[in-house]
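First up is the structure itself, then whatever we jot down about it.
The values are calculated or read from the model by the stated rules, or taken from the named source; none is laboratory data. Since the model is a prediction, treat every value here as computed from it, not as a measurement. So basically every Cβ, Gly included, is an ideal-geometry build from the backbone, and we count neighbours across all protein chains shown.
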Amino acid sequence: MKIRKIGVIILIAFTIRLSLSCCDCPATNTYQYTFDSIKIFHIDNSGQTPAIVDSGIIPKEAYGLQIECSLGQLAFYKCADFASFNTIYAYDCFCPPEIQYVAQDTISEIKIISLNDFDTTHPADSEISEYFKVLTSNTYITIQQYLDYPETIYYEKPDQEVIAIYLMQPPIITGEHQFLVEIDLAGGTMLTSTSTLISLE
């Protein structure tokens with residue numbers, strides 16, 4: 001009997017806490033953005049911090065590419081009703097952001113093509129994507145691992161998405177190099193950009 005009374009008291013206390021901590025969350029508006037172009041820049045990672053350079057000489061062991069994906073048109077996608085949140089989040093009043101931005105077409109493939117002879121097995125116009133890794137959260141991951149990540153959701157209107165990729169296997173052939181980057185979007189669009197000439201020594 002005593003245990004039953006304790007159980008009733010706990011249930012009453014929980015009910016009171018639930019009623020006091022209910023949320024009245026507003027609807028969340030979702031917008032879709034599109035990628036309309038890309039630009040690529042050389043990264044010199046030989047110093048204390050990576051530097052963006054347009055020309056000159058970069059140590060071949062410290063080379064990277066920065067891909068800047070410009071975000072184009074924004075379109076209203078849907079309005080999600082989170083009225084049910086006021087009975088779900090009993091302990092903490094947590095509401096999702098009122099506005100969020102998601103990609104209309106996610107990136108499905110990233111290719112890096114060397115326009116010069118890279119090594120004995122990769123002459124000019126060969127794909128060398130396998131030689132690069134993406135830097136994310138201070139960790140290097142393969143391009144495929146990066147593509148397998150959940151799509152980025154922004155809570156403020158984005159201007160661009162930046163991808164930093166670093167060359168893990170430097171070229172055997174030193175001298176001037178130039179790279180072509182191709183990005184395929186899930187909707188079938190391909191975005192391309194060609195780097196300026198850079199010397200890798």
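Take the residues in segment 142-170 that are surrounded by 14 or more Cβ atoms within 10 Å (Cβ to Cβ), among the aromatic types (Phe, Trp, Tyr) and under 12 Å from the mean Cα position of the chain (by Cα), then tell me which one is modelled with the highest pLDDT. Per the stated criteria, the residue is TYR146.
For SER193, the criteria (1) assigned to a strand (DSSP E or B); (2) within 30 Å of ALA27 (Cβ to Cβ) hold in every case but one, which is (2). One residue stands out among those in segment 49-63 that are among the charged types (D, E, K, R) and surrounded by fewer than 16 Cβ atoms within 10 Å (Cβ to Cβ): the one that is nearest to ILE198 (Cα to Cα), which is ASP54.
None of ILE198, ILE183, ILE173 is under 26 Å from GLN145 (Cα atoms), touching a residue at least 24 places away in the same chain (Cβ under 8 Å) and either surrounded by 13 or more Cβ atoms within 10 Å (Cβ to Cβ) or basic (Lys, Arg) (or both) except ILE183.
If you take the residues in segment 101-141 that are of a type in the set (Phe, Trp, Tyr) and farther than 18 Å from SER195 by Cα, which one is surrounded by the fewest Cβ atoms within 10 Å (Cβ to Cβ)?
To start, the set of residues in segment 101-141 that are of a type in the set (Phe, Trp, Tyr) comprises 101, 118, 131-132, 140.
Restricting the remaining residues to those that are farther than 18 Å from SER195 by Cα gives 101, 140.
Working: TYR101: 20, TYR140: 14.
In this case the residue turns out to be TYR140.
Across segment 144-177, the qualifying residues are those that are part of a strand (DSSP E or B) and among the acidic types (Asp, Glu), and the one among them that is farthest from GLY56 (Cα to Cα) is GLU161.
For the structure I just gave you, tell me whether GLN104 is under 30 Å from ASP184 (Cα atoms), of a type outside the set (Phe, Trp, Tyr) and modelled with pLDDT under 95. Yes, satisfied. Just a yes or no: is a residue in segment 63-83 more than 18 Å from the chain's Cα centre (by Cα), of a type in the set (A, V, I, L, M, F, W, C), farther than 21 Å from THR189 by Cβ and modelled with pLDDT of 90 or more? Scanning segment 63-83 turns up no residue that is more than 18 Å from the chain's Cα centre (by Cα), of a type in the set (A, V, I, L, M, F, W, C), farther than 21 Å from THR189 by Cβ and modelled with pLDDT of 90 or more.
Taking the stated definitions as given, is LEU180 farther than 12 Å from LEU65 by Cα, in a strand (DSSP E or B), more than 15 Å from the chain's Cα centre (by Cα) and not hydroxyl-bearing (Ser, Thr, Tyr)?
Working: farther than 12 Å from LEU65 by Cα: no; in a strand (DSSP E or B): yes; more than 15 Å from the chain's Cα centre (by Cα): yes; not hydroxyl-bearing (Ser, Thr, Tyr): yes.
Answer is no for this residue.
Please indicate, with yes or no, whether at least one residue in segment 100-115 is in a strand (DSSP E or B) and touching a Lys or Arg at 6+ places or on another chain (Cβ under 6 Å). Checking segment 100-115: not a single residue is in a strand (DSSP E or B) and touching a Lys or Arg at 6+ places or on another chain (Cβ under 6 Å).
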